[in-house]
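Here is the structure we will look at.
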Amino acid sequence: MKITADSPPVLSVLDRPNSYIGRAVPRPNLQRLTQGRGQYISDVTLPRMAHVAYLRSPHAHARIVSISAEAAKKALGVVAVVTGAELAKVMTPWVGVLTHLKGIKSAPQSPIAVERACWQGEAVCAVVARTRAQAEDACELIDIAYEELPAVTNPETALDASTPVIHASLGDNLCFERKLDVGEVDKAFAGSHAVVEATFVTGRHTGVCTEPRAVVADWNEGEQRMTVYHATQAPHMMQNLFAKHLDLSESQVRVLTKDVGGSFGIKVHTYADEMATVALSKLLKRPVKFVADRIESFVTDIHARDHRIKGKIGVTKDGVITAFEIDDLTGIGPYSVYPRTSGIEANQVVNLTGGPYNCPNYRAQARVVFQNKNVMCQYRAVGHPIAVAVTEGLVELAAAKIGMDPLEIRRRNLFPDDGYPAQTASGLKLEQLSHHEALAHLDTMINYAALRAEQAALRKKGIYRGIGFASFIEVTNPSAAFYGVGGAKITSQDGATVKLDAQGAITIHSGVTEQGQGAEAVLAQCVASSFGVSMERVRVVTGDTDNTPYGGGTWASRAAGIGGEAAWQAGKALRGNVLAVAGAMLQAKPEDLDIRNGIVVDKITGAERLGLDELARVAYFRPDTLPPGFQAELMVTRHYVPRAWPFAFTNGIQASYLEVDTDTGFVKLLRHWCVEDCGTIINPQLVNEQIRGGVVQGIGAALFEQCLYDERGQMLNGNMADYLVPMAVEMPDIDCGHVVSPTADSELGAKGAGEAGTAGAPACIMNAINDALRPLGAQPLTDMPFTPGKILQALGKV
Amino acid sequence: MSMDIDITLTVNGERVAERVEARKSLVDFVRDDLGLTGSHVGCEHGVCGACTMRVDGVIVRGCLMLAAQCDGSHVETIEGLSDSGEVADLQAAFEQRNALQCGYCTPGMLTAAQELLDQAKAKQSVPSRDEIREHISGNYCRCTGYHAIVDAVESVAKARAGVKS
Ligand code: FES
Ligand code: FES
């Protein structure tokens, strides 16, 4: 096995002496985690800390008639029982809309339901006690009278006149709608040799982070300051929101993240129960801790991807795609999630469908409707898995219809590698992609011809194997175009502060956050390389709004491309400052010097001139010996935000090889491949592991994961025994390959890699299953997850 | 409403005498009462394996066992396995291979993998990748996709058996 670099380092202009760019160096901060000595928010305890348990609505939609809590208030250890009405005096409600999503609407949401609960699992009452167990015991003593209201649980009928409206003030159950009509779609379909239509369903599923959501809020009445230990991806965003809704200034709020047990977009939203916990701390003037248990995670962590899409594709007999058309319907929760909204996912489906292909004719409609189910919002690869499933599903169905090889039809339609910059029919601006090179790389990597031959030979023996593909594009490095222009206080820029300490080592403070993806390693690699020290001399600090530059955190695959660039620039700037000091000390010109391996050297000869420890000693303790008027500046900050392109799109292609047991309907995954292009690769091992983890999350959606609701809005499988997630034994080995097209928007040229795997995997699995079953005349499967029952149904066996 | 029980046990080599609620799980006990937060809680219903630890030499789910059941037992958590050096090579392989991302599953994963490696050693064999996958299938990892974990465990299995990888 390959324990170190499983990809060769990619050399570039960034290859300074001792450069770490492109090297599979291990993450510097892992021992803490392998020894069980990390600090997750669920591990945090503070003096006088109380615990909150929430009593949650058992109904999908109900009026709260009365709450009787006398017995609970007297129970052992109970500090307080607080209702929504009481908490409303401390915290204001919020509305999840963005101005650039035209027409999006939602109703005010409160930290704890006031008068009405709108989904099963919404908190209706808080019990704060000295221990969580005591709080839960007291919950049992509370009597809540509900009047059940009709629940809206079918997106297809949500807009019918006969369906009750969830929020009367909104007039209807429509949250957001978008329409797009580009080129000449009808004419293009009319001129096609084949038109294929299919309805795709992507199952509502959720993140199932191993560590559930957790928050410890600590209001210090003496300081008039709120410190929130929060497992979040975006500390500065949360600082803004806590301050805003508690009517504090941002300087009165500090958010700290520490270690986070998985996030994937789950921990980047405003959760009512977390907001309530912070408000309770303010109300009770003491630290309050909330950790969601697994059961409440299933009914409160955002869900995602509950879409039904009618899709249509036209092709000529030569395999030229003439047009795409989609009609997307998605049922979210009773509220659009704050502040990113529940409209972005459908908006992305419209933006991304057809994305890899050079096809000018495209019509799309998307409707987002309210439901009395748990809220839906952005989860890893937002909208991509849906758009890719529709696009790639249609492309392979069209290929089958005209008898063309699935890779060949892609070759004939993917944007040409030499045709950039380009623009998709939906208007996405593409700087430089590499679809054809990626496809050629994949073709070789999987030994396609041999795989097809093996497949054919096995079919004769009654073994049904399938090969499926999915080309994709992925949104990364978002500029202000994503949220900022819509009025949300979610910054797209990020900063890095780098300082030389008194022993000549480096500390970097960054606004991006570590969620396990390796952001801290990437930051250390960037700053060590641009400054000129070994990584062991770099300490990274993230996740603290008091001590890091203002930044966006980690989402939309931005940490490496944006945070990394800021770190790179800050390291460079500090090198300049340090060389100015060295020049003054050595009476040399700074431009004739460099820093290599922590030592100031002569730039040309490499001869060692001065150690950084000595330089720091003089600068900090004997500045009197430096020339008059010279001031050493040994701490610098640099910020970076993409400006030339709204997003740095990446691209890639995945392949799946699997076997379907036609008697049981079980799918065995044999192998999975992904070739992607995330620009400059800072750390190939970390990129590959992002891809692999992402692929497996996508496979979960394709084969296992679905939040099942009944018509009364009750979630039927909200626990880990019934909601299936991928475990090791069902997963294949995953091979990764790379093409490198750096973005010219930054010096580093790095784009994101965090979501590519998840974007493409579900489509790829779907296409492979349909490829396996095609000779048996099965109906194409387009309704995820592809459970054994659905497969047997498609085969006509049940 | 709850009953307390006195227990005496050895945790990571230390004698511990505590009074616990009868209903308290082993993982809550080591985390909350002993401050050993390396054992994690992911589901509290025996599915995710984040709470995997060793009791009298056998791996258990700390959320499915009561602290009261451990009276007189020897409990080992990731902190103990780390300090004794027993899993040092496995930890190093996980770090080198990036077989962890968020690290939340990792203590349980290491503890489960160590059991397989012990079994393999007793049988003087090296487990196959499929056997490794099978053995760690009671431990959920959302981050890695498992491939890197299998690589890391495989490399240690070979190294311990003296097989070149
Ligand atoms: S917490 Fe024990 S198995 Fe999940
Ligand atoms: S590393 Fe995050 S769950 Fe395994």
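The numbers here are math on the coordinates, done by the rules we state, and not lab data. In this text the structure is predicted, and so the values were computed from the model without any measurement. Glycine also receives a Cβ, built like all others from the backbone with ideal geometry; neighbour counts cover every protein chain displayed.
Miscellaneous remarks
- Positive-end extreme of charge dipole, chain A - chosen from A:I506, A:Y357, A:S479 (charges on Cβ): A:I506
- Cα centroids of region A:203-275 and region A:359-412: 34 Å apart.
- Residue-wise HN-Hα coupling along region A:330-342, computed from phi with Karplus coefficients 6.51, -1.76, 1.60 (Hz; x: Gly, Pro): 9, x, 8, x, x, 10, 6, 6, 8, x, 7, 6, 9
- Efficiency of FRET from Cβ geometry, A:K317 and B:S125, R₀ 60 Å, rounded to 0.05: 0.55
- Normalised per residue, the volume of the convex hull around the Cα set of region A:259-333 (Å³): 159 Å³
- Rel. contact order, % - alpha carbon contacts under 8 angstrom, at least six apart, chain A: 16 percent
- Spin-label pair A:D544/A:K429, simplified geometry with 7 Å Cα→Cβ offset, distance in nm: 3.9 nm
- Multiplying the residue separation of A:A85 and A:L170 by 0.36 nm and subtracting their alpha-carbon distance yields 28.4 nm.
- When you filter the GluC sites (Glu not before Pro) in region A:169-246 for DSSP loop state and at most 11 other Cβ atoms inside 10 Å of their Cβ, you are left with A:E221, A:E223.
- Across all directions, the shadow cast by the convex hull of the protein assembly as shown built on its C-alpha atoms averages 41.2 square nanometres.
- Label-point separation, A:S534 to A:Q31 (7 Å along Cα→Cβ), nm: 1.4 nm
- Under conditions of 25 °C and 0.890 mPa s, region B:86-161 yields 205 µm² s⁻¹ as its translational diffusion coefficient, taking Rh as the Kirkwood radius over Cα pairs in the Stokes-Einstein equation.
- Neighbour counts of other Cβ atoms within 10 Å put A:V165, A:V255 in the fewest-to-most order A:V165, A:V255.
- Backbone N atoms of region A:226-247 closer than 16 Å to the 7 Å Cα→Cβ label point of A:N220 belong to residues A:226-229.
- Proportion of all alpha-carbon pairs of region A:501-570 beyond 15 Å (%): 46 percent
- Fewest-first ranking of A:C139, B:C51, using other Cβ atoms within 10 Å as the exposure measure: A:C139, B:C51
- Check: region A:373-498 dipole with +1 on Lys, Arg Cβ and -1 on Asp, Glu Cβ, in debye: 660 debye
- Peptide A:257-267 shows a mean partner chain C-beta count of 3 within 10 Å per residue C-beta.
- For region A:69-93 and region A:605-676, distance of Cα centres in Å: 47 Å
- In plain terms, the residue of A:I41, A:I142 with the fewest other Cβ atoms within 10 Å comes first and the most crowded comes last, giving A:I142, A:I41.
- Taken residue by residue and averaged, Cβ atoms of other chains lying within 10 Å of the Cβ of B:42-50 number 6.
- Pairwise label distance in nanometres, A:R308 with B:K158, each label 7 Å out on the Cα-Cβ vector: 5.1 nm
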